[in-house]
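J.: Could you have a look at this structure, given as structure tokens, before my questions?
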Amino acid sequence: MIDWDRIKTLREEIGEDDFPDVVDIFITEVSVMIDRLRTAPRPETLGADLHALKGSALNLGFINFAEMCQKGETAAANGRTQDIVLEPILQCYEDSKDIFLSGLESGMAA
């Protein structure tokens, strides 16, 4: 669900001191998008929203979440927004976030 090697690489690239800030920014920005999709999804921007989430997810190693966003993005690009079921995507984010934060606390990305 989480690519811990990606997290380790990111931590090395940006530095130990700045890594917590990057995590905070990621969680804050993605949470805003997730909340918007949960409360007021817009079919006309759904593909772009999922694309943005996918990019953020890949940067921080949320593999399963990124894959689900990609499938939704592809469906939207093919004019099939009605086929996109958001709840599993949103739940995957929450599950991934929980695993990620627990892993950071336990040193998985050290």
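J.: If only Cα atoms are counted, what is the Rg of segment 4-106, and what is its Dmax, in Å?
T.: 14.1, 44
J.: Count the net charge of all other residues whose Cβ sits under 12 Å from the Cβ of residue 2, scoring Lys and Arg as +1 and Asp and Glu as -1.
T.: On the way: positive: 6, 8, 97; negative: 3, 5, 95, 98.
Summing Lys/Arg as +1 and Asp/Glu as -1 gives -1.
J.: So, in nm, how far is label residue 28 from label residue 91 when the simple model puts each one 7 Å beyond its Cα toward the Cβ?
T.: The answer from the label model is 3.0 nm.
Read-outs throughout are calculated quantities, based only on the coordinates presented, and are distinct from any laboratory measurement. Every value quoted in this text rests on a predicted model; they were computed, and no experiment measured them. Heads up, the Cβs are rebuilt from the backbone with ideal geometry, glycines too, and the neighbour counts pull from every protein chain shown.
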